[in-house]
Amino acid sequence: MRMHTALHLLSVVLPFPVTGGSVGEDKGRLDFDMPEVPNDLAALEARLNAMVEADHAVSTEWITDAEMEAKADLIKTMKVKPPMGQGRVRLVRIGDVDLQPCGGTHVAGTAEIGPLAIGKIEKKGKENRRVNLHFA
Ligand SMILES: [Zn+2]
């Protein structure tokens, strides 16, 4: 739950299309369609932790399938389409920093996540980078 929510924040500081990912208790990772490794990882990590410390409220809201179609730019995870066809789609909002369709379970406020550290960045193909995230 903490790490899953943290991955939302990772997708904020790395605004690239997400092509995959996994999450465990203590660590998580996202694969990005990102040809170059950012050279300011320390700054990205600082932004992540600033969002944690700001204790942004996490809330859910629902929109219709038609609204989802119209807001396709909210979809960050390319391979996992939001569950459409039931008439409505669940969006998860993290303060004013993130809004995306998600059916997962989240903390109520980002301060619950605690300090984060960006781990290894692995090359997973020409355009793909796997970014590991763990608790500091
Ligand atoms: Zn989520």
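Taking the Cβ of Ile121 as the center, what net charge do the other residues with Cβ under 13 Å away carry, scoring Lys and Arg +1 and Asp and Glu -1?
+1
Add +1 for every Lys or Arg and -1 for every Asp or Glu among the other residues with Cβ under 10 Å from the Cβ of Ala111, and state the total.
-3
How long is the gain from Asn128 to Asp65 if the chain were fully straight, where each residue apart is worth 0.36 nm and the alpha carbon distance is subtracted?
19.7 nm
Taking springs between alpha-carbon atoms closer than 10 angstrom, which of Gly103, Gly28, Gly85 fluctuates most in the Gaussian network model of the chain?
Fluctuation is largest for Gly85.
Please find, in a Gaussian network model of the chain (springs between Cα atoms separated by less than 10 Å), the residue of Val13, Val23, Val97 whose mean-square fluctuation is greatest.
Checking each option, the largest mean-square fluctuation is seen for Val97.
In terms of the ratio Rg/(2.2 N^0.38 Å) built on C-alpha atoms, what value belongs to the chain?
Details: Rg = 14.6 Å, N = 136, 2.2 N^0.38 = 14.2 Å.
Compared with the compact-globule rule of thumb, the chain sits at 1.03.
Once amide H atoms are placed 1.01 Å from N in the peptide plane, what residues at a sequence separation of 5 or more from Val107, or on another chain, have their amide H within under 5 Å of its amide H?
Sorted by chain and number, the residues that satisfy this are Thr5.
Name the most mobile residue of Met68, Met34, Met84, meaning the one with the largest mean-square fluctuation, in a Gaussian network model of the chain with Cα contacts below 10 Å.
Highest fluctuation among the options: Met84.
As a test of the formula, what do you get for the chain when each DSSP H run with n ≥ 4 contributes -39,500 (n - 2.57) and the sum is divided by the residue count, at 222 nm and rounded to the nearest 500 deg cm²/dmol?
Counting only the DSSP helices, I get -7000 deg cm²/dmol.
Using alpha carbon centroids, what distance separates segment 22-42 and segment 91-126, in Å?
Here the two parts' Cα centres lie 11 Å apart.
Sort Met51, Met3 by Cβ crowding within 10 Å, fewest neighbours at the top.
Working: Met51 24, Met3 21.
Exposure proxy ranking, most exposed first: Met3, Met51.
Determine the relative contact order of the chain: mean sequence separation of Cα pairs under 8 Å and six or more apart, normalised by residue count, in whole percent.
Answer for the chain is 34 percent.
Compute the helix-to-body angle for 2-13: its Cα long axis versus the longest principal axis of the chain, expressed 0 to 90° and rounded to tens.
Computed tilt is about 80 degrees.
Taking the Cβ of each residue in Phe135, Phe32, Phe16 as the centre, tally the other Cβ atoms inside 10 Å and list the residues starting with the fewest.
Ascending number of Cβ neighbours within 10 Å: Phe135, Phe16, Phe32.
Could you give the angle, 0 to 90 degrees to the nearest 10, between helix 41-53's Cα long axis and the longest principal axis of the Cα atoms of the chain?
The two axes meet at around 50 degrees.
Count the net charge of all other residues whose Cβ sits under 13 Å from the Cβ of Pro38, scoring Lys and Arg as +1 and Asp and Glu as -1.
Residues near Pro38 contribute -1 overall.
For segment 12-61, just the Cα atoms, rotate onto the principal axes and tell me the three extents in Å, largest first.
32, 25, 23
Only the coordinates and a few stated rules stand behind these numbers; no lab work does. Note that the structure is predicted; figures quoted are calculated from it, not measured. Positions of Cβ are generated from backbone atoms using ideal geometry, with glycine treated the same way; all protein chains shown enter the neighbour counts.
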